[in-house]
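For reference, the structure is listed below as structure tokens.
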Amino acid sequence: MKLGERLRTGLRSPVLVLNRSYQPVRITDAKQGFSMLFEGRARALDASYEPHDFLEWIARGSSASDEAIGTARGPLAVPRVLLLNQYNRVPRAPLRLSRRHVYMRDAYTCQYCSAKPGVKDLNLDHVVPRAAGGRSTWENLVTSCRPCNLRKGRTRLEDSGMRLLKRPVRPSWSMALTLAAQRRRFREWEPFLVATVAAE
Ligand SMILES: [Zn+2]
């Protein structure tokens, strides 16, 4: 990547923020990340997951593969992971219930037959059919291929002769964050994200 390009993309680049116990709490951008680092609210983890404060991070400089921002002293590498110095809770913000998020939770896999036909041939299936009072909730919606969706139709699970791969649940916070990181994620984030969410 050319230096100019590295500097332009640098400030918008996503940064994973961990609490003091190395649990992911959010994804921010490099601009916010640098101000947290500068104010001493967080330390930056290097490729070996060693934490560095602002001065140590500056002293490390940047390599050609890093995204970077321009400073008076030259390019400064964007940290991929920040470790908060104080905060030790895990936020409990709910993940919005949407078709795409249910697919992601289920790793784009039909929860009845394990097929992965691709997103265009997937459906949302109500485990307890709407006609029987089933609601659209995390606990009652599953990813289904079209044949299974048709086969199950309006029957209840216990009458259908079909089985769920797993019980559908509301995603945990770390799962939600993992889903949020699907669009762009970095090798350095992997140890902190839930591993079971397969890509599309
Ligand atoms: Zn199926």
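Suppose we take every Cα in region 99-160 and form the convex hull; what volume per residue is that in Å³? Please report the intermediate quantities before stating the final value.
Details: hull volume 4.6 nm³, N = 62.
About 74 Å³ per residue, rounded to a whole number.
For Tyr112, Tyr22, what ranking results if the residue with the fewest other Cβ atoms within 10 Å of its Cβ goes first? Kindly include the intermediate steps, with their values, before the conclusion.
Working: Tyr112 23, Tyr22 13.
In increasing order of surrounding Cβ atoms, one gets Tyr22, Tyr112.
Within straight cross-link reach of Lys116, meaning Cα distance under 19 Å, which aspartates and glutamates are found once same-chain residues fewer than 8 apart are removed?
In chain and number order, the partners are Asp106, Asp125, Glu200.
If packing is taken as the average number of other Cβ atoms within 10 Å across a peptide's residues, how do 33-42, 125-134 rank, most packed first? Walk me through the numbers before you get to the answer.
Details: 33-42: 18.1, 125-134: 15.7.
Top to bottom by mean Cβ count within 10 Å: 33-42, 125-134.
Computed from the coordinates by the stated procedures, all read-outs in this text should not be read as laboratory data. Keep in mind the model is a prediction, meaning the values are calculated, not measured. Counting neighbours? That spans all protein chains shown, and the Cβs are built from the backbone with ideal geometry, glycine included.
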